[in-house]
Amino acid sequence: MDDINKQSSGNFDGRGSNSLPPGASLRSWLAHLESKKRIAFANPGVKLKYELAGIANRLDGRKASFFPAPDGHSVPVVSGIVSDRGWMAEALGVSDDELLKRFQTAMAEPIAPHQVSEAPCQEVVHREVDLNAQLPVPTHNELDSGPYIAAGLIIVRNPQTGVQNVAIVRLQVSGKDRLGALLLPRHTLAFHEMNERSGKDCDVAIVIGASPAELLASQAIAPINFDEMQIAGGLIGASIPVVKCLNSDIRVPAQAEIVLEGRLLAEQRKPEGPFGEFPQYYGERADRHVIAVDCVTHRKDPVFHTIVGGGLEHLLLGCIPLEATILDSIQRNFPNVKDVALSRGGVHRYHLYVQMTPRSAGEPMNVIMAAFASHYDLKQVIVVDEDVDIHNPVEVEWAVSTRFQASRDLVVINGSQGSKLDPSTDNGVGSKMGFNATKPLDAPEFKYKRIRVPGQEDIDLDSKLDPNGKLGESYRAV
Ligand code: MN
(Lines give C-alpha, C1' and ligand atoms only; values in the text may rest on other atoms or scores of the structure.)
Protein backbone atom coordinates (compact mmCIF):
# COMPACT_ATOMS: atom_id res chain seq x y z
CA MET A 1 0.00 0.00 0.00
CA ASP A 2 2.77 2.35 0.96
CA ASP A 3 4.56 1.67 -2.28
CA ILE A 4 1.46 2.28 -4.36
CA ASN A 5 0.96 5.60 -2.64
CA LYS A 6 4.55 6.52 -3.23
CA GLN A 7 4.37 5.65 -6.90
CA SER A 8 1.16 7.53 -7.50
CA SER A 9 2.19 10.58 -5.52
CA GLY A 10 3.45 13.46 -7.56
CA ASN A 11 1.42 12.40 -10.56
CA PHE A 12 -1.33 14.25 -12.32
CA ASP A 13 -4.81 13.09 -11.48
CA GLY A 14 -8.08 13.64 -13.31
CA ARG A 15 -7.74 12.73 -16.91
CA GLY A 16 -4.78 10.40 -16.56
CA SER A 17 -1.38 11.14 -17.99
CA ASN A 18 -2.12 9.65 -21.42
CA SER A 19 -4.38 12.51 -22.38
CA LEU A 20 -2.08 15.23 -21.04
CA PRO A 21 -0.39 17.37 -23.69
CA PRO A 22 3.41 16.96 -23.89
CA GLY A 23 4.01 20.36 -22.27
CA ALA A 24 2.59 19.16 -18.92
CA SER A 25 6.09 18.48 -17.59
CA LEU A 26 9.65 19.30 -18.63
CA ARG A 27 10.43 15.59 -19.05
CA SER A 28 7.46 14.74 -21.25
CA TRP A 29 8.29 17.82 -23.33
CA LEU A 30 11.97 16.88 -23.72
CA ALA A 31 10.91 13.37 -24.79
CA HIS A 32 8.52 14.92 -27.32
CA LEU A 33 11.24 17.24 -28.69
CA GLU A 34 13.62 14.31 -28.99
CA SER A 35 11.02 12.23 -30.88
CA LYS A 36 10.69 15.14 -33.35
CA LYS A 37 14.50 15.42 -33.66
CA ARG A 38 14.41 18.92 -32.20
CA ILE A 39 17.12 18.52 -29.55
CA ALA A 40 20.77 18.94 -30.37
CA PHE A 41 23.02 17.11 -27.89
CA ALA A 42 26.34 18.78 -27.14
CA ASN A 43 29.51 16.91 -26.32
CA PRO A 44 30.20 16.74 -22.57
CA GLY A 45 32.26 19.53 -21.05
CA VAL A 46 30.92 22.64 -22.79
CA LYS A 47 31.96 25.72 -20.78
CA LEU A 48 29.24 27.31 -18.62
CA LYS A 49 30.68 30.75 -19.30
CA TYR A 50 29.55 32.03 -22.72
CA GLU A 51 30.14 28.81 -24.68
CA LEU A 52 26.87 27.18 -23.58
CA ALA A 53 24.84 30.32 -24.38
CA GLY A 54 26.69 30.73 -27.67
CA ILE A 55 25.74 27.23 -28.80
CA ALA A 56 22.14 27.70 -27.59
CA ASN A 57 21.91 30.99 -29.53
CA ARG A 58 23.27 29.42 -32.71
CA LEU A 59 20.51 26.80 -32.51
CA ASP A 60 17.84 29.24 -31.28
CA GLY A 61 14.42 28.70 -32.88
CA ARG A 62 15.55 25.54 -34.67
CA LYS A 63 16.57 23.13 -31.95
CA ALA A 64 16.61 22.93 -28.19
CA SER A 65 20.10 22.28 -26.86
CA PHE A 66 21.09 19.73 -24.23
CA PHE A 67 24.47 19.96 -22.48
CA PRO A 68 25.69 16.89 -20.57
CA ALA A 69 28.33 17.54 -17.92
CA PRO A 70 28.88 21.25 -18.64
CA ASP A 71 32.30 22.15 -17.17
CA GLY A 72 32.29 18.58 -15.86
CA HIS A 73 29.24 19.28 -13.65
CA SER A 74 27.10 16.21 -12.94
CA VAL A 75 23.82 18.04 -13.70
CA PRO A 76 23.05 18.65 -17.40
CA VAL A 77 21.67 21.94 -18.76
CA VAL A 78 18.89 22.36 -21.32
CA SER A 79 17.94 25.54 -23.19
CA GLY A 80 15.66 26.69 -26.00
CA ILE A 81 12.84 24.27 -25.16
CA VAL A 82 10.07 26.64 -26.28
CA SER A 83 11.85 28.78 -28.86
CA ASP A 84 9.19 28.46 -31.56
CA ARG A 85 5.59 29.59 -31.59
CA GLY A 86 4.40 26.33 -33.15
CA TRP A 87 6.17 24.36 -30.39
CA MET A 88 4.26 26.35 -27.76
CA ALA A 89 0.97 25.29 -29.36
CA GLU A 90 2.18 21.70 -29.62
CA ALA A 91 3.21 21.70 -25.94
CA LEU A 92 -0.39 22.56 -25.04
CA GLY A 93 -1.90 20.14 -27.56
CA VAL A 94 -3.52 22.77 -29.79
CA SER A 95 -3.00 24.05 -33.33
CA ASP A 96 -1.10 27.30 -33.98
CA ASP A 97 -4.26 29.33 -34.53
CA GLU A 98 -5.84 28.01 -31.32
CA LEU A 99 -2.91 29.10 -29.13
CA LEU A 100 -4.22 32.50 -28.00
CA LYS A 101 -7.75 31.10 -27.54
CA ARG A 102 -6.33 28.36 -25.29
CA PHE A 103 -4.52 30.95 -23.21
CA GLN A 104 -7.66 33.09 -22.92
CA THR A 105 -9.69 30.03 -21.87
CA ALA A 106 -7.06 29.02 -19.29
CA MET A 107 -7.33 32.46 -17.67
CA ALA A 108 -11.14 32.45 -17.76
CA GLU A 109 -11.47 28.84 -16.57
CA PRO A 110 -8.38 28.08 -14.46
CA ILE A 111 -7.88 24.69 -12.79
CA ALA A 112 -6.56 24.81 -9.22
CA PRO A 113 -3.52 22.68 -8.31
CA HIS A 114 -3.87 19.76 -5.89
CA GLN A 115 -1.49 18.80 -3.12
CA VAL A 116 0.47 15.55 -2.98
CA SER A 117 2.56 14.30 -0.07
CA GLU A 118 5.67 13.10 -1.89
CA ALA A 119 7.25 14.49 -4.99
CA PRO A 120 10.12 13.84 -7.41
CA CYS A 121 11.40 17.40 -6.84
CA GLN A 122 12.23 16.47 -3.23
CA GLU A 123 14.03 13.18 -3.85
CA VAL A 124 17.37 14.75 -2.88
CA VAL A 125 17.72 17.38 -0.14
CA HIS A 126 20.74 19.65 0.47
CA ARG A 127 20.54 21.48 3.80
CA GLU A 128 24.05 22.84 3.21
CA VAL A 129 23.74 25.16 0.23
CA ASP A 130 26.52 25.82 -2.26
CA LEU A 131 24.81 27.02 -5.41
CA ASN A 132 27.72 26.88 -7.85
CA ALA A 133 28.74 23.43 -6.60
CA GLN A 134 25.22 22.02 -6.60
CA LEU A 135 23.93 23.64 -9.81
CA PRO A 136 25.48 24.25 -13.24
CA VAL A 137 24.62 27.95 -13.50
CA PRO A 138 25.74 29.48 -16.81
CA THR A 139 26.94 32.99 -17.62
CA HIS A 140 25.25 34.13 -20.82
CA ASN A 141 26.05 37.53 -22.28
CA GLU A 142 29.33 39.48 -22.43
CA LEU A 143 28.61 42.08 -19.74
CA ASP A 144 26.43 39.94 -17.44
CA SER A 145 27.69 40.36 -13.88
CA GLY A 146 28.20 36.59 -13.58
CA PRO A 147 26.20 33.36 -13.54
CA TYR A 148 22.42 33.81 -13.51
CA ILE A 149 19.47 31.54 -12.82
CA ALA A 150 17.34 32.78 -15.69
CA ALA A 151 14.51 30.23 -15.90
CA GLY A 152 13.52 30.10 -12.23
CA LEU A 153 9.84 30.44 -11.33
CA ILE A 154 9.74 32.49 -8.15
CA ILE A 155 6.78 31.56 -5.94
CA VAL A 156 5.67 33.62 -2.92
CA ARG A 157 2.52 33.71 -0.78
CA ASN A 158 0.27 36.57 0.22
CA PRO A 159 1.08 36.64 3.98
CA GLN A 160 -2.56 37.38 4.83
CA THR A 161 -4.42 34.94 2.59
CA GLY A 162 -1.82 32.37 1.53
CA VAL A 163 -2.68 32.87 -2.14
CA GLN A 164 0.44 32.20 -4.18
CA ASN A 165 2.05 34.18 -6.98
CA VAL A 166 4.27 32.77 -9.71
CA ALA A 167 6.66 34.86 -11.80
CA ILE A 168 10.06 34.61 -13.48
CA VAL A 169 12.70 36.86 -11.97
CA ARG A 170 16.33 37.13 -13.06
CA LEU A 171 18.52 35.78 -10.25
CA GLN A 172 22.20 36.63 -9.96
CA VAL A 173 24.29 34.10 -8.07
CA SER A 174 25.98 36.46 -5.58
CA GLY A 175 27.45 33.92 -3.14
CA LYS A 176 27.18 30.29 -2.20
CA ASP A 177 23.73 30.78 -0.68
CA ARG A 178 22.85 34.27 -1.91
CA LEU A 179 20.94 35.51 -4.95
CA GLY A 180 20.39 39.05 -6.21
CA ALA A 181 16.86 39.53 -7.58
CA LEU A 182 15.29 42.16 -9.82
CA LEU A 183 11.73 42.58 -8.54
CA LEU A 184 9.62 44.76 -10.84
CA PRO A 185 6.73 46.65 -9.21
CA ARG A 186 4.37 43.72 -9.48
CA HIS A 187 2.93 40.94 -7.33
CA THR A 188 6.09 39.30 -5.92
CA LEU A 189 7.24 42.70 -4.70
CA ALA A 190 3.79 43.53 -3.27
CA PHE A 191 3.76 40.35 -1.15
CA HIS A 192 7.37 40.91 -0.06
CA GLU A 193 6.57 44.48 1.00
CA MET A 194 3.58 43.27 3.06
CA ASN A 195 6.09 41.19 5.04
CA GLU A 196 8.78 43.86 5.05
CA ARG A 197 6.46 46.43 6.66
CA SER A 198 6.40 44.22 9.75
CA GLY A 199 10.13 43.59 9.50
CA LYS A 200 9.75 40.03 8.24
CA ASP A 201 11.55 38.16 5.52
CA CYS A 202 9.38 36.74 2.74
CA ASP A 203 9.52 33.00 2.12
CA VAL A 204 10.27 32.16 -1.51
CA ALA A 205 10.64 29.03 -3.59
CA ILE A 206 12.52 29.07 -6.88
CA VAL A 207 11.53 26.32 -9.28
CA ILE A 208 14.02 25.34 -12.00
CA GLY A 209 12.99 22.83 -14.64
CA ALA A 210 9.30 23.75 -14.74
CA SER A 211 6.98 22.60 -17.53
CA PRO A 212 6.32 24.67 -20.67
CA ALA A 213 2.74 25.20 -19.39
CA GLU A 214 4.00 26.51 -16.04
CA LEU A 215 6.60 28.76 -17.68
CA LEU A 216 3.96 30.23 -19.98
CA ALA A 217 1.37 30.63 -17.19
CA SER A 218 3.93 32.49 -15.05
CA GLN A 219 3.97 35.25 -17.68
CA ALA A 220 0.18 35.77 -17.65
CA ILE A 221 -0.99 39.32 -17.08
CA ALA A 222 -3.27 38.29 -14.24
CA PRO A 223 -4.65 40.34 -11.34
CA ILE A 224 -2.89 40.19 -7.97
CA ASN A 225 -4.07 37.32 -5.73
CA PHE A 226 -4.63 35.10 -8.77
CA ASP A 227 -2.38 32.04 -8.59
CA GLU A 228 -0.74 31.56 -11.99
CA MET A 229 -0.38 27.83 -11.25
CA GLN A 230 -4.13 27.45 -11.85
CA ILE A 231 -3.63 29.01 -15.30
CA ALA A 232 -1.01 26.33 -15.97
CA GLY A 233 -3.69 23.80 -15.03
CA GLY A 234 -6.10 25.46 -17.46
CA LEU A 235 -3.46 25.36 -20.20
CA ILE A 236 -3.05 21.58 -19.97
CA GLY A 237 -6.63 20.80 -18.93
CA ALA A 238 -5.61 19.11 -15.66
CA SER A 239 -4.81 20.05 -12.08
CA ILE A 240 -1.07 20.49 -11.41
CA PRO A 241 0.23 18.33 -8.54
CA VAL A 242 2.07 20.46 -5.98
CA VAL A 243 4.01 19.60 -2.84
CA LYS A 244 4.65 21.66 0.30
CA CYS A 245 8.17 23.02 0.68
CA LEU A 246 10.28 21.61 3.50
CA ASN A 247 10.88 25.00 5.19
CA SER A 248 7.73 26.95 4.33
CA ASP A 249 4.06 26.67 3.37
CA ILE A 250 4.78 27.37 -0.30
CA ARG A 251 3.52 24.73 -2.73
CA VAL A 252 5.75 23.92 -5.70
CA PRO A 253 5.07 21.75 -8.77
CA ALA A 254 5.84 18.16 -7.76
CA GLN A 255 7.25 17.32 -11.19
CA ALA A 256 9.83 20.13 -11.15
CA GLU A 257 13.51 19.29 -11.51
CA ILE A 258 15.04 21.55 -8.85
CA VAL A 259 13.66 23.75 -6.05
CA LEU A 260 15.55 26.40 -4.07
CA GLU A 261 13.88 27.27 -0.78
CA GLY A 262 14.78 30.58 0.78
CA ARG A 263 13.80 34.05 1.95
CA LEU A 264 13.66 37.48 0.40
CA LEU A 265 15.50 39.40 3.11
CA ALA A 266 13.78 42.37 4.72
CA GLU A 267 15.55 45.72 4.29
CA GLN A 268 18.53 44.26 2.41
CA ARG A 269 19.69 45.57 -0.95
CA LYS A 270 22.90 44.60 -2.77
CA PRO A 271 24.25 45.31 -6.27
CA GLU A 272 22.66 43.23 -9.05
CA GLY A 273 23.31 43.35 -12.82
CA PRO A 274 24.04 44.11 -15.53
CA PHE A 275 22.14 41.32 -17.30
CA GLY A 276 21.30 40.83 -20.99
CA GLU A 277 17.55 41.42 -21.37
CA PHE A 278 14.86 40.74 -23.97
CA PRO A 279 15.29 43.95 -26.02
CA GLN A 280 18.88 42.79 -26.79
CA TYR A 281 20.32 45.35 -24.37
CA TYR A 282 21.60 45.13 -20.81
CA GLY A 283 19.51 45.83 -17.74
CA GLU A 284 21.71 48.06 -15.58
CA ARG A 285 23.44 47.38 -12.27
CA ALA A 286 21.76 48.75 -9.14
CA ASP A 287 21.08 47.92 -5.49
CA ARG A 288 18.37 45.28 -5.53
CA HIS A 289 16.68 42.63 -3.40
CA VAL A 290 18.60 39.75 -1.84
CA ILE A 291 17.46 36.14 -1.40
CA ALA A 292 19.06 33.82 1.17
CA VAL A 293 18.82 30.20 0.01
CA ASP A 294 18.30 27.84 2.95
CA CYS A 295 17.93 24.54 1.19
CA VAL A 296 18.06 22.95 -2.25
CA THR A 297 15.91 19.98 -3.24
CA HIS A 298 15.92 18.16 -6.57
CA ARG A 299 15.20 14.96 -8.44
CA LYS A 300 17.70 12.12 -8.25
CA ASP A 301 18.91 13.03 -11.74
CA PRO A 302 17.86 16.67 -12.27
CA VAL A 303 18.05 18.76 -15.42
CA PHE A 304 18.85 22.48 -15.14
CA HIS A 305 16.91 24.72 -17.52
CA THR A 306 18.33 28.06 -18.61
CA ILE A 307 16.77 30.76 -20.79
CA VAL A 308 19.43 32.73 -22.64
CA GLY A 309 18.64 36.45 -22.31
CA GLY A 310 17.38 37.95 -25.56
CA GLY A 311 16.85 34.58 -27.28
CA LEU A 312 13.59 33.47 -28.87
CA GLU A 313 12.63 31.38 -25.86
CA HIS A 314 12.91 34.50 -23.71
CA LEU A 315 10.91 36.58 -26.19
CA LEU A 316 8.15 34.04 -26.87
CA LEU A 317 7.43 33.21 -23.24
CA GLY A 318 6.35 36.81 -22.69
CA CYS A 319 4.82 37.19 -26.15
CA ILE A 320 2.01 34.63 -26.07
CA PRO A 321 0.43 35.75 -22.74
CA LEU A 322 0.78 39.41 -23.77
CA GLU A 323 -0.89 38.76 -27.13
CA ALA A 324 -3.74 36.88 -25.42
CA THR A 325 -4.28 39.75 -22.98
CA ILE A 326 -4.17 42.43 -25.69
CA LEU A 327 -6.58 40.46 -27.91
CA ASP A 328 -8.97 39.94 -24.99
CA SER A 329 -8.92 43.63 -24.18
CA ILE A 330 -9.45 44.85 -27.76
CA GLN A 331 -12.16 42.31 -28.55
CA ARG A 332 -14.33 43.56 -25.69
CA ASN A 333 -15.17 46.61 -27.81
CA PHE A 334 -14.19 45.36 -31.26
CA PRO A 335 -15.38 41.80 -31.84
CA ASN A 336 -14.47 42.29 -35.50
CA VAL A 337 -10.76 42.20 -34.52
CA LYS A 338 -9.73 38.70 -35.50
CA ASP A 339 -6.13 38.27 -34.36
CA VAL A 340 -3.05 40.08 -33.05
CA ALA A 341 0.67 39.32 -33.32
CA LEU A 342 3.67 40.91 -31.61
CA SER A 343 6.43 41.01 -34.21
CA ARG A 344 9.87 39.50 -33.71
CA GLY A 345 11.63 42.69 -34.82
CA GLY A 346 9.68 44.50 -32.11
CA VAL A 347 11.22 42.05 -29.59
CA HIS A 348 7.80 40.36 -29.29
CA ARG A 349 6.73 43.19 -26.96
CA TYR A 350 6.73 46.61 -28.63
CA HIS A 351 5.28 46.28 -32.14
CA LEU A 352 1.79 44.88 -32.65
CA TYR A 353 0.06 43.77 -35.84
CA VAL A 354 -3.75 43.72 -35.71
CA GLN A 355 -5.95 41.86 -38.19
CA MET A 356 -9.57 43.05 -38.54
CA THR A 357 -12.47 43.72 -40.87
CA PRO A 358 -13.45 47.37 -40.30
CA ARG A 359 -17.21 47.92 -40.01
CA SER A 360 -17.16 51.69 -40.38
CA ALA A 361 -14.82 54.42 -41.55
CA GLY A 362 -12.32 55.47 -38.89
CA GLU A 363 -12.73 52.30 -36.81
CA PRO A 364 -9.10 51.13 -37.32
CA MET A 365 -7.98 54.35 -35.57
CA ASN A 366 -10.17 53.44 -32.57
CA VAL A 367 -8.64 49.96 -32.58
CA ILE A 368 -5.17 51.54 -32.50
CA MET A 369 -6.20 53.51 -29.39
CA ALA A 370 -7.70 50.38 -27.80
CA ALA A 371 -4.47 48.50 -28.45
CA PHE A 372 -2.30 51.19 -26.82
CA ALA A 373 -4.69 51.27 -23.85
CA SER A 374 -4.39 47.49 -23.40
CA HIS A 375 -0.68 47.44 -22.45
CA TYR A 376 1.89 50.17 -21.87
CA ASP A 377 4.71 48.22 -23.55
CA LEU A 378 3.18 48.74 -27.00
CA LYS A 379 5.00 51.35 -29.04
CA GLN A 380 3.82 50.76 -32.60
CA VAL A 381 0.51 49.33 -33.86
CA ILE A 382 -0.24 48.42 -37.48
CA VAL A 383 -3.83 47.52 -38.37
CA VAL A 384 -4.42 45.45 -41.50
CA ASP A 385 -7.35 43.74 -43.22
CA GLU A 386 -8.18 40.05 -42.96
CA ASP A 387 -6.47 39.24 -46.28
CA VAL A 388 -3.06 40.03 -44.71
CA ASP A 389 -1.15 37.33 -42.79
CA ILE A 390 -0.02 39.05 -39.58
CA HIS A 391 2.45 36.26 -38.80
CA ASN A 392 4.39 37.23 -41.93
CA PRO A 393 6.15 40.62 -41.57
CA VAL A 394 6.60 40.81 -45.36
CA GLU A 395 2.80 40.72 -45.80
CA VAL A 396 2.35 43.44 -43.19
CA GLU A 397 4.95 45.65 -44.88
CA TRP A 398 3.13 45.05 -48.19
CA ALA A 399 -0.09 46.33 -46.62
CA VAL A 400 1.71 49.43 -45.30
CA SER A 401 3.36 50.07 -48.65
CA THR A 402 0.13 49.83 -50.66
CA ARG A 403 -2.73 50.83 -48.32
CA PHE A 404 -1.22 53.42 -45.98
CA GLN A 405 -0.71 57.18 -46.44
CA ALA A 406 1.05 58.98 -43.61
CA SER A 407 -0.93 62.22 -44.11
CA ARG A 408 -4.19 60.33 -43.56
CA ASP A 409 -3.44 57.07 -41.73
CA LEU A 410 -0.75 57.86 -39.16
CA VAL A 411 -1.36 58.72 -35.50
CA VAL A 412 1.42 59.73 -33.06
CA ILE A 413 0.90 59.99 -29.30
CA ASN A 414 3.74 61.73 -27.45
CA GLY A 415 4.76 61.70 -23.80
CA SER A 416 3.17 58.37 -22.91
CA GLN A 417 4.36 55.49 -20.75
CA GLY A 418 6.35 52.79 -22.49
CA SER A 419 8.91 50.15 -21.59
CA LYS A 420 11.78 51.22 -19.35
CA LEU A 421 13.94 48.62 -21.08
CA ASP A 422 13.54 50.49 -24.41
CA PRO A 423 16.74 52.60 -24.32
CA SER A 424 15.30 55.22 -26.70
CA THR A 425 12.69 56.26 -24.11
CA ASP A 426 13.24 58.84 -21.39
CA ASN A 427 13.15 56.39 -18.47
CA GLY A 428 10.12 54.68 -20.00
CA VAL A 429 8.35 57.79 -21.29
CA GLY A 430 8.15 58.04 -25.07
CA SER A 431 6.03 58.22 -28.20
CA LYS A 432 3.62 55.75 -29.71
CA MET A 433 2.79 55.44 -33.39
CA GLY A 434 -0.22 53.83 -35.04
CA PHE A 435 -0.64 52.91 -38.73
CA ASN A 436 -4.01 52.32 -40.31
CA ALA A 437 -2.99 50.05 -43.21
CA THR A 438 -6.50 48.86 -43.99
CA LYS A 439 -8.04 49.70 -47.34
CA PRO A 440 -10.62 52.53 -47.29
CA LEU A 441 -14.17 51.16 -46.90
CA ASP A 442 -15.48 53.38 -49.71
CA ALA A 443 -12.78 52.44 -52.23
CA PRO A 444 -13.96 50.78 -55.44
CA GLU A 445 -13.56 47.01 -54.98
CA PHE A 446 -11.31 46.53 -58.00
CA LYS A 447 -8.76 49.09 -56.77
CA TYR A 448 -7.65 46.97 -53.78
CA LYS A 449 -8.46 43.58 -55.24
CA ARG A 450 -5.45 41.39 -54.57
CA ILE A 451 -4.18 39.53 -57.64
CA ARG A 452 -4.40 35.77 -57.51
CA VAL A 453 -4.07 32.76 -59.82
CA PRO A 454 -7.31 30.73 -59.59
CA GLY A 455 -6.72 27.24 -58.21
CA GLN A 456 -3.02 27.88 -57.37
CA GLU A 457 -3.19 26.64 -53.80
CA ASP A 458 -5.06 23.44 -54.76
CA ILE A 459 -2.46 22.21 -57.28
CA ASP A 460 -0.79 18.96 -56.21
CA LEU A 461 2.79 19.85 -57.17
CA ASP A 462 4.08 16.25 -56.83
CA SER A 463 1.65 15.07 -59.49
CA LYS A 464 2.49 17.96 -61.80
CA LEU A 465 6.31 18.00 -61.54
CA ASP A 466 8.81 15.57 -63.08
CA PRO A 467 11.63 14.83 -60.60
CA ASN A 468 13.83 13.54 -63.46
CA GLY A 469 13.20 16.45 -65.80
CA LYS A 470 16.18 18.20 -67.40
CA LEU A 471 16.90 20.75 -70.10
CA GLY A 472 17.05 19.15 -73.55
CA GLU A 473 20.38 19.37 -75.46
CA SER A 474 18.99 21.94 -77.88
CA TYR A 475 18.36 24.40 -75.03
CA ARG A 476 21.97 24.13 -73.81
CA ALA A 477 23.51 25.46 -77.02
CA VAL A 478 24.71 29.02 -76.52
MN1 MN B 1 0.62 37.48 -10.38
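Assorted remarks:
- Subset of Lys101/Lys338; Lys47/Lys270; Lys338/Lys449; Lys36/Lys300; Lys36/Lys101 violating a 18 Å alpha-carbon distance limit: Lys47/Lys270; Lys338/Lys449; Lys36/Lys300; Lys36/Lys101
- Under a 5 Å amide H cut-off, with hydrogens placed 1.01 Å from N, Val381 pairs with Leu352, Met433, Gly434, Phe435 among residues at least 5 apart or on other chains.
- Rounded FRET efficiency, nearest 0.05, which uses the C-beta distance separating Gln280 from Thr161 and R0 of 35 Å: 0.35
- Estimated distance in nm for a label pair at Arg344 and Thr105, the labels positioned 7 Å out from Cα along Cα-to-Cβ: 2.8 nm
- Couplings 3J(HN,Hα) of the range 371-377, computed from phi: 5, 4, 6, 7, 7, 5, 5 Hz, in residue order, whole Hz [Karplus 6.51 cos²θ - 1.76 cosθ + 1.60, θ = phi - 60°; x for Gly and Pro].
- Within the straight-line cut-off of under 15 Å between alpha carbons, the aspartates and glutamates reachable from Lys447 are Asp385, Asp387, sequence neighbours fewer than 8 places apart in one chain being disregarded.
- Distant-in-sequence amide H partners of Ala40 (H built 1.01 Å from N, under 5 Å): Ala64, Ser65, Phe66
- Principal axes of the range 333-448: Cα extent on each, largest first, Å: 47, 27, 24
- Computed magnitude of the charge dipole of the chain (debye, nearest 20; Cβ of K, R +1, Cβ of D, E -1): 540 debye
- Projecting label points 7 angstrom from Cα along Cα→Cβ for Arg452 and Lys300 puts them 5.8 nm apart.
- Accessible surface, the chain, averaged per residue in Å² (probe 1.4 Å): 47 Å²
- Rounded to whole Å, sorted largest first: equivalent-ellipsoid semi-axes of the chain, Cα gyration tensor: 41, 28, 23
- Added length on full extension, which subtracts the Cα-Cα distance from 0.36 nm per residue, Glu445 to Ala406: 11.8 nm
- With helices as the sole contributors, the chain gives -7500 deg cm²/dmol at 222 nm; each DSSP H run of n ≥ 4 counts as -39500 (n - 2.57), and the sum is divided by every residue.
- Here the 3J(HN,Hα) profile of the range 158-171, calculated from phi with Karplus coefficients 6.51, -1.76 and 1.60 at θ = phi - 60°, is 5, x, 8, 10, x, 5, 8, 10, 10, 8, 10, 10, 6, 10 Hz, Gly and Pro shown as x.
- Annotation: extensible slack from Asp97 through Ser424 equals 114.4 nm (criterion: 0.36 nm per residue apart, minus Cα-Cα distance).
- Note, ³J(HN,Hα) from phi for the range 402-409, Karplus 6.51, -1.76, 1.60, rounded to Hz, x at Gly and Pro: 10, 10, 10, 10, 4, 5, 10, 10
- Principal axis box of the range 113-236, alpha-carbon based, largest edge first, Å: 36, 35, 31
- Estimated FRET transfer efficiency when R0 is 51 angstrom, pair Asn225-Ala361 (beta carbons, to 0.05): 0.75
- If the segment from Arg332 to Asp460 were pulled out straight at 0.36 nm per residue, it would be longer than the present Cα-Cα gap by 41.9 nm.
- Computed over the alpha carbons of the range 42-187, Rg followed by Dmax gives 18.0, 49 Å.
- For the chain, the carbon plus sulfur part of the accessible surface works out to 50%, probe radius 1.4 Å.
- Note on Lys379: lysines with a C-alpha under 18 Å away, same-chain residues under 8 apart excluded, are Lys420, Lys432.
- Remark: spin-label model distance Ser416-Tyr475 equals 5.5 nm, labels positioned 7 Å along the Cα→Cβ axis.
The values are calculated or read from the model by the stated rules, or taken from the named source; none is laboratory data. Nothing here was measured: the structure is a model prediction, and the numbers come from that model. Note: ideal-geometry Cβ built from the backbone for every residue, glycine included; neighbour counts use all protein chains shown. Ligands, DNA and RNA are excluded from the accessible area calculation, which covers all protein heavy atoms including side chains. Shrake-Rupley method; radii C 1.70, N 1.55, O 1.52, S 1.80 Å.
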